[in-house]
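Asker: One structure, pasted below without further comment.
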Amino acid sequence: MAHSTEIYPVEIDPFFAEDLRQMERAVNYRRWQFDMVAPFIRGRVLEVGGGIGNFTPQLAAIAKSIVSIEPNEYCHRQLLEKTGGIPNLAAHRATVESLDTVIPADDRFDTIILMNVLEHIQDDRAVLATLQQRLTVDGRLVVLVPAGPWAFGTTDDRLGHYRRYSKGYARTLFGGLGLDIEFTRYYNFIGIWAWWWNAKFHRRANQSDEQIRFFDRLLVPFASQVEKFIHPPVGQSVLIVGRRKKS
């Protein structure tokens, strides 16, 4: 699959859309991911890469208002269907680069969130620099991304990932933008080893429904509780929260 400078490539129903549908069925895992970011969500929210709406309704429930942008035609239709009728939510088919065409250029947000999106963007720094200008003073940029560059493999390639992230790279990236890093943490210690095994030994191009079902039903409830008390040194995901400086 060819990479794109947009948030996602623009095929009608590419592999990553099927991945989003698989994740939609992973109820416990989605809840865990949402619980990661929820403490940092406040006020007016911009969701970049709403996908098929796996997190959008939950974000709307804790935000004052939310704007969700999604460039993929198929995903955007699904997003509209899932979020129709939510009064404090607007969903647009747009990229970060075309944001000014759907939202006034002087509009600012208290929180901008990217859930498993930044890894799809070749020039991640340029996109974050653009989004930073949309933050209110002291506003938060909340980014959840795949972690473990050493676990990058065929599934990442197939999903259109340019990279997996580390805390060190995140600090360099955010620091170069002049954002104060408020929080970083790895999550899902068990999941990264399963991903690494699939990438380096099985060389799988996709995640199987059976693997996801086993992980979601049997492992996530245990792992999510353990990691409330023990913060792992590595994980399948890393959460980075930056704040726009006051001056």
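Asker: In the range 15-35, is there at least one residue being outside any helix (DSSP H, G or I), at pLDDT 95 or above and either among the aliphatic types (A, V, I, L, M) or closer than 26 Å to Thr130 by Cβ (or both)? Walk me through it before giving the result.
Answerer: First, the residues of the range 15-35 that are outside any helix (DSSP H, G or I): 26.
Subset that is at pLDDT 95 or above: none.
No, because not a single residue in the range 15-35 is outside any helix (DSSP H, G or I), at pLDDT 95 or above and either among the aliphatic types (A, V, I, L, M) or closer than 26 Å to Thr130 by Cβ (or both).
Asker: Just the residues that are within 15 Å of Val142 (Cβ to Cβ) and touching a Gly at 6+ places or on another chain (Cβ under 6 Å), please, taken from the range 40-69.
Answerer: Answer for the range 40-69, where residues must be within 15 Å of Val142 (Cβ to Cβ) and touching a Gly at 6+ places or on another chain (Cβ under 6 Å): Thr56, Ser68.
Asker: In addition: Six or more apart or on different chains, Cβ atoms under 7 Å: show the pairs whose first residue is in the range 50-78 and under 17 Å from Leu144 (Cβ atoms) and free of Cβ contacts under 8 Å to residues at least 40 places away in the same chain and whose second is polar (S, T, N, Q) and in a strand (DSSP E or B).
Answerer: Listed by first residue and then by second, the contacts come to Thr56/Ser68.
Here's the yes/no breakdown for (1) over 24 Å from Lys246 (Cβ atoms); (2) at pLDDT 95 or above; (3) part of a strand (DSSP E or B):
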| residue | (1), (2), (3) |
| --- | --- |
| Glu97 | yes, no, no |
| Asp107 | no, yes, no |
| Asp110 | no, yes, yes |
| Ile113 | no, yes, yes |
| Val127 | no, yes, no |
| Leu131 | no, yes, no |
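Asker: Being crowded, with 20+ Cβ neighbours inside 10 Å and among the hydroxyl-bearing types (Ser, Thr, Tyr) is the filter here; which residues of the range 112-164 pass it?
Answerer: Once the filter is applied, which keeps residues that are crowded, with 20+ Cβ neighbours inside 10 Å and among the hydroxyl-bearing types (Ser, Thr, Tyr), the range 112-164 yields only Thr155.
Asker: Considering (1) at pLDDT below 95; (2) surrounded by fewer than 16 Cβ atoms within 10 Å (Cβ to Cβ), say which one Phe183 fails and leave the rest.
Answerer: (1)
Asker: Is at least one residue of the range 71-90 farther than 19 Å from Val142 by Cβ, touching a Phe, Trp or Tyr at 6+ places or on another chain (Cβ under 8 Å) and either polar (S, T, N, Q) or part of a loop (DSSP other than H, G, I, E, B) (or both)?
Answerer: There is at least one residue in the range 71-90 that is farther than 19 Å from Val142 by Cβ, touching a Phe, Trp or Tyr at 6+ places or on another chain (Cβ under 8 Å) and either polar (S, T, N, Q) or part of a loop (DSSP other than H, G, I, E, B) (or both).
The values are calculated or read from the model by the stated rules, or taken from the named source; none is laboratory data. Predicted model, so just to flag it, every value in this text is computed and none were measured. Backbone-built Cβ (ideal geometry, glycine too); neighbour counts: all protein chains shown.
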